[in-house]
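Encoded as structure tokens, the structure appears first; notes follow it.
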């Protein structure tokens, strides 16, 4: 049995070239970049190069606009907290209902602190309504934070357009681009985006390294104060090896971005088509016409996601689910709820997310086992009988809920 | 992924008695809102002897929900309905060699489906009597509804109060922020304000820490005293603990009731050990009495 990894939106394998680039910074150039001796004399250059590699991938104007952080979450927190600290009179924040927990939970916390949080809803295909967004923009808003692409469905939001609108209203704009960077081309210098978060481990760099892009001239207050690292904007000794690794990963991502949007996309499309054609009562969620090339999120009706994952895992296939059970939470994924996907389908969503390491052979392997897995679980389901759902499933089975 | 026991996996991958019983005369349909899981249990009961001849389940749910349903059917076939009603959710969990704390409610769902099916057989209407909330304390598997009820009932004011009355927050302490949020909410409903430095509510009696050397007998009595003080909290959860033996610095205890079969037992033991060490002022290892059998060479000092 081969192991097939289709959970690349959760995290990715570190590229061999990335590991090779990092090793000297553990064993030889391990000096503190602030030191003046031979153990450190190559480190500053390594960091400089990494900064330029990140700059090329996201297309920003200056390499000094790149601040290295420990992860995407730190970048997100830094961005939002900086905006409200720098503009203490502005008490409103605009975001969406489908952001990652790194934004949503922070906003919930700020709400308790007295901030007004506007959470833009999405339609059944996961799309935003820009008219209602425009109405919310005012001089009371400290920052708009909208994800570039959704981690569950891959749906892409029109962040460039939204940043223009924010800018015209004099409002700062941040985007959590953790899922988008390296998967779709970007040229930040042509946009009005003020801040952007990215995370290394989503693009074949190690875990524990992230970036906050900060447009030159954007008013800023650091989250961590201390040493002079990152020009005083993020104190703390640099994670040198990981920074160099992230630089290399960005260089590779730029090299493969065409491949990602052609070959990787074909793999995704083949899997999606194969599954929806061979399995009844399943559907793809999100905005099918405006999506990351590597992501498909499929809802299998009348069965539950964790069960599907356990059977997939037994077949050597790794994916993830929006079901409540996989996370031990009370609700299925907030993204599925926001799109008004019914419970009986939301609990059965499976996300397959690809990388450049996946192959068509793997896709065919998944297509071989998936129909059997769904069939097995539907046989156990009270909503299912024979080869079809029971008539009026919601009425036929209406349990007492506790 | 969850740390499921082999038994859970066995029942998930090869479920027993899946599907509806063809000519069932008892049906129970329940769901757990905390997971979106739902279960239909169908039984064929012999009208003369009231013995459950056949049982079948249909489950929409996760691995442990399917495993709980499957093992339940195995446990009740051949029992009379009165015997079957004696099966608790802890029995279901124990039969599965334990469930993760977040998944204990899957066994509750099994137990409720059984009650609902038997009520249906007897022509009664089953009413659910408990509500489930978000899991707050993962160490002791205490949910928000339980904490809220205790805060209301016992006029609790601080996190320490909540820990004293429910055990919640008494393990790793990571959930203290969430407990404070519950206190804030409930106290606001009562028209009061949460104050972290408020005087504690009347609480279970504290035992004085040991300061002088003890004789062996005094030491064992003191250990018993500590266990005694923890017992009400355990019993509130349907569990209990009993001191079996003390050898050197190891105290062997027997966990019974709800504690038995819950994967939380290990955490509970860690909590007992912590409390014992605080009072006794010495290192004490608390070990389940089942481990005693493994001692082949007990040295008696």
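The values are calculated or read from the model by the stated rules, or taken from the named source; none is laboratory data. Because the structure is a prediction, the values reported are computed rather than measured. Positions of Cβ are generated from backbone atoms using ideal geometry, with glycine treated the same way; all protein chains shown enter the neighbour counts.
Of note:
- On inspection, residue B:127 fails the criterion of being modelled with pLDDT of 90 or more, closer than 28 Å to residue B:42 by Cβ and out of contact with any helix residue (DSSP H, G or I) (no Cβ under 8 Å at 6 or more places or on another chain).
- Within the set A:218, A:175, the sole residue that is closer than 29 Å to residue A:130 by Cβ and either outside the structural domain of residue A:140 (by TED's automatic domain parsing) or part of a strand (DSSP E or B) (or both) turns out to be A:175.
- Residue ID - surrounded by the most Cβ atoms within 10 Å (Cβ to Cβ), chosen from residues in region A:385-402 that are under 21 Å from residue B:116 (Cα atoms) and within 11 Å of chain B (Cβ to nearest Cβ): A:397
- Here residue A:55 meets each of (1) touching a residue at least 24 places away in the same chain (Cβ under 8 Å); (2) part of a helix (DSSP H, G or I); (3) surrounded by 15 or more Cβ atoms within 10 Å (Cβ to Cβ) with one exception, condition (1).
- Test for residue B:156: is it part of a loop (DSSP other than H, G, I, E, B), buried (at least 20 other Cβ atoms within 10 Å of the Cβ) and outside the structural domain of residue B:52 (by TED's automatic domain parsing): yes
- Residues satisfying the stated conditions in region A:338-350, i.e. within 22 Å of the chain's Cα centre (by Cα) and either within 11 Å of another protein chain (Cβ to nearest Cβ) or over 21 Å from residue A:381 (Cβ atoms) (or both): A:338, A:339, A:340, A:346, A:347, A:348
- Out of A:162, A:147, one residue alone is in contact (Cβ under 8 Å) with a residue 40 or more places away in the chain and either touching a helix residue (DSSP H, G or I) at 6+ places or on another chain (Cβ under 9 Å) or outside any loop (DSSP other than H, G, I, E, B) (or both). It is A:147.
- Subset of region B:166-193 (residues that are in contact with a helix residue (DSSP H, G or I) (Cβ under 6 Å, 6 or more places away or on another chain) and buried (at least 21 other Cβ atoms within 10 Å of the Cβ)): B:166, B:167, B:168, B:169, B:170, B:179, B:182
- Residues of region A:272-320 that turn out to be in a loop (DSSP other than H, G, I, E, B), more than 20 Å from the chain's Cα centre (by Cα) and more than 12 Å from chain B (Cβ to nearest Cβ), as a count: 4
Conditions (1) more than 9 Å from every other protein chain (Cβ to nearest Cβ); (2) under 11 Å from the mean Cα position of the chain (by Cα), marked per residue:
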site	(1), (2)
B:101	no, yes
B:105	no, yes
B:112	no, no
B:115	yes, no
B:121	yes, no
B:128	no, no
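- All of A:229, A:189 fail the test of being within 21 Å of residue A:77 (Cβ to Cβ), out of contact with any helix residue (DSSP H, G or I) (no Cβ under 6 Å at 6 or more places or on another chain) and surrounded by fewer than 21 Cβ atoms within 10 Å (Cβ to Cβ), apart from A:229.
- A count restricted to region B:1-20 and to residues that are under 13 Å from residue A:380 (Cα atoms) and either more than 13 Å from chain A (Cβ to nearest Cβ) or crowded, with 22+ Cβ neighbours inside 10 Å (or both) stands at 2.
- If you filter region B:21-36 down to residues that are touching a helix residue (DSSP H, G or I) at 6+ places or on another chain (Cβ under 9 Å) and more than 7 Å from chain A (Cβ to nearest Cβ), you find that the one that is surrounded by the most Cβ atoms within 10 Å (Cβ to Cβ) is B:28.
Results for (1) assigned to a strand (DSSP E or B); (2) within 17 Å of residue B:118 (Cβ to Cβ); (3) modelled with pLDDT of 95 or more, shown as yes or no for each residue.
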position: B:16; (1), (2), (3): no, no, yes
position: B:29; (1), (2), (3): yes, yes, no
position: B:38; (1), (2), (3): yes, no, no
position: B:43; (1), (2), (3): yes, yes, yes
position: B:49; (1), (2), (3): no, yes, yes
position: B:67; (1), (2), (3): no, no, yes
position: B:71; (1), (2), (3): no, no, yes
position: B:93; (1), (2), (3): no, no, no
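- Residue in region B:130-137 that is more than 16 Å from the chain's Cα centre (by Cα) and assigned to a loop (DSSP other than H, G, I, E, B) present: no
- For the residues A:67, A:94, A:84, the requirement of being in contact (Cβ under 8 Å) with a residue 12 or more places away in the chain, touching a strand residue (DSSP E or B) at 6+ places or on another chain (Cβ under 9 Å) and part of a helix (DSSP H, G or I) singles out A:84.
- Qualifying residue in region A:370-381 (condition: more than 16 Å from residue B:31 (Cα to Cα), surrounded by fewer than 20 Cβ atoms within 10 Å (Cβ to Cβ) and facing chain B (nearest Cβ under 7 Å)): yes
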